[in-house]
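The values are calculated or read from the model by the stated rules, or taken from the named source; none is laboratory data. These figures come from a predicted structure and were not determined experimentally. Cβ atoms come from the backbone with ideal geometry, glycine included; neighbour counts cover every protein chain shown.
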Amino acid sequence: MTKSDSSVPSRGGGVLLHLRGHVLLFDPKAAPAYDASAGSRLLLIAVALEALRLLAVRWLLPAVHLLILIPLLLVCALALVRFVAGLRLRQIGLYPWSEWSPVEKSYFIQLLVLANIVFPLVFLDRLRLILAGPAAVSVLLNVFVPYLFFGFYQEVVYRGILQSELARRWGAWIGVLIANVLYTFGPLHWNYFSARGSVAIPMFAAIFAIGLFFGVLFRRSGNLWIVAVIHGIGNAYIVTCLSRPH
């Protein structure tokens with residue numbers, strides 16, 4: 001997030017306004033202000049959340065369904081930020097729609113439309129198979145919706161909480177880089193360490209590149225909703241369409 005002391009109104013209009021988001025030209029937002037104590041609590045919250053997630057997956061699945069478990073983890077993350085770190089959710093980038101700039105709103109809507117065109121086209125055959133099958137509703141509830149929430153959870157933890165605090169401590173770009181290294185090679189994706197090199201190397205490279213884009217987008221826009229929602233949509237389509245047939 002930028003270090004400007006105040007918001008600056010959007011410059012330019014018309015077509016230019018609708019293109020600015022694609023080159024990451026967002027209006028500066030005031031850097032969230034909180035003390036070192038709150039920052040330390042944020043780091044502890046990030047560690048605790050990932051430990052809790054790993055334990056929940058190990059001990060609660062399948063007794064507690066993913067459709068319940070993942071949203072609960074997300075709610076827990078937001079509650080810890082608000083009541084343990086003592087921060088308002090806007091301080092990790094979750095601003096109300098009324099405070100979004102025209103550039104943010106335009107870019108977000110464009111990404112929503114593009115994501116829901118591109119992913120269905122890429123996975124057209126698989127989606128047809130799923131939707132034509134008797135388990136279509138089950139796939140929606142058991143895979144698509146939980147992983148939509150899981151993408152949002154990942155952004156809250158690794159960008160909203162972790163990147164925000166690391167950037168406050170060490171500067172924006174070091175914060176972006178370290179948060180993305182932890183996102184790529186940490187507990188979210190460490191299952192790829194046991195995969196063959198021909199699988200692990202391309203996957204880590206892809207995850208790092210996508211994560212870096214999300215990190216830079218969050219840094220430039222200051223808006224966690226954009227990266228969280230788009231990550232969630234991508235997660236939902238990819239996991240649903242690449243999971244085993246039902």
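Is it the case that L42 is assigned to a loop (DSSP other than H, G, I, E, B), within 23 Å of V216 (Cβ to Cβ) and modelled with pLDDT of 95 or more?
No.
Could you count how many residues in the stretch 45-59 are modelled with pLDDT under 95 and among the aliphatic types (A, V, I, L, M)?
Residues that pass the stated criteria total 1.
Taking the stretch 118-155, which residues are small (G, A, S) and modelled with pLDDT of 95 or more?
Of everything in the stretch 118-155, just one residue is small (G, A, S) and modelled with pLDDT of 95 or more, namely G151.
Take the residues in the stretch 80-126 that are of a type in the set (G, A, S) and part of a loop (DSSP other than H, G, I, E, B), then tell me which one is surrounded by the fewest Cβ atoms within 10 Å (Cβ to Cβ).
Among those residues, the one meeting the criterion is G86.
Identify, please: which residue in the stretch 153-179 is more than 13 Å from the chain's Cα centre (by Cα) and among the basic types (K, R) and is, among those, nearest to Y95 (Cα to Cα)?
Looking at residues that are more than 13 Å from the chain's Cα centre (by Cα) and among the basic types (K, R), I get R168.
Looking at (1) more than 26 Å from S40 (Cα to Cα); (2) touching a Phe, Trp or Tyr at 6+ places or on another chain (Cβ under 9 Å), which is the one condition that is false for I68?
(2)
Go through L49, L19 for me and flag whichever is surrounded by 13 or more Cβ atoms within 10 Å (Cβ to Cβ) and within 18 Å of the chain's Cα centre (by Cα).
Selected residue: L49, the only one of L49, L19 that is surrounded by 13 or more Cβ atoms within 10 Å (Cβ to Cβ) and within 18 Å of the chain's Cα centre (by Cα).
Would you say I230 is free of Cβ contacts under 8 Å to residues at least 40 places away in the same chain and assigned to a helix (DSSP H, G or I)?
Spelling it out, it is not the case that I230 is free of Cβ contacts under 8 Å to residues at least 40 places away in the same chain and assigned to a helix (DSSP H, G or I).
State the number of residues belonging to the stretch 22-46 that are among the β-branched types (V, I, T) and either surrounded by 16 or more Cβ atoms within 10 Å (Cβ to Cβ) or over 20 Å from the mean Cα position of the chain (by Cα) (or both).
Residues that pass the stated criteria total 1.
Any residue in the stretch 194-214 that's on the phi < 0 side of the Ramachandran plot: show its pairings with residues that are surrounded by fewer than 15 Cβ atoms within 10 Å (Cβ to Cβ) at Cβ separation under 7 Å, as long as the two are six or more apart or on different chains.
Correct list of pairs: A200/F193.
Go through the stretch 54-79 and give me each residue that's part of a helix (DSSP H, G or I) and either free of Cβ contacts under 8 Å to residues at least 24 places away in the same chain or hydroxyl-bearing (S, T, Y) (or both).
Hits for the stretch 54-79 are L55, A56, V57, R58, W59, I68, L72, V75, A79.
Here's the yes/no breakdown for (1) part of a helix (DSSP H, G or I); (2) in contact with a helix residue (DSSP H, G or I) (Cβ under 8 Å, 6 or more places away or on another chain); (3) under 18 Å from A38 (Cβ atoms):
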{"site": "P134", "(1), (2), (3)": "no, no, no"}
{"site": "S138", "(1), (2), (3)": "yes, no, no"}
{"site": "L141", "(1), (2), (3)": "yes, yes, no"}
{"site": "F144", "(1), (2), (3)": "yes, yes, no"}
{"site": "F149", "(1), (2), (3)": "yes, yes, no"}
{"site": "V157", "(1), (2), (3)": "yes, yes, yes"}
{"site": "G160", "(1), (2), (3)": "yes, yes, yes"}
{"site": "R168", "(1), (2), (3)": "yes, yes, yes"}
{"site": "V176", "(1), (2), (3)": "yes, yes, no"}
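So, A79, is that one among the small types (G, A, S) and under 18 Å from E165 (Cβ atoms) or not?
yes
Take the residues in the stretch 156-208 that are among the charged types (D, E, K, R) and closer than 22 Å to L73 by Cβ; name whichever of them is surrounded by the most Cβ atoms within 10 Å (Cβ to Cβ).
R159
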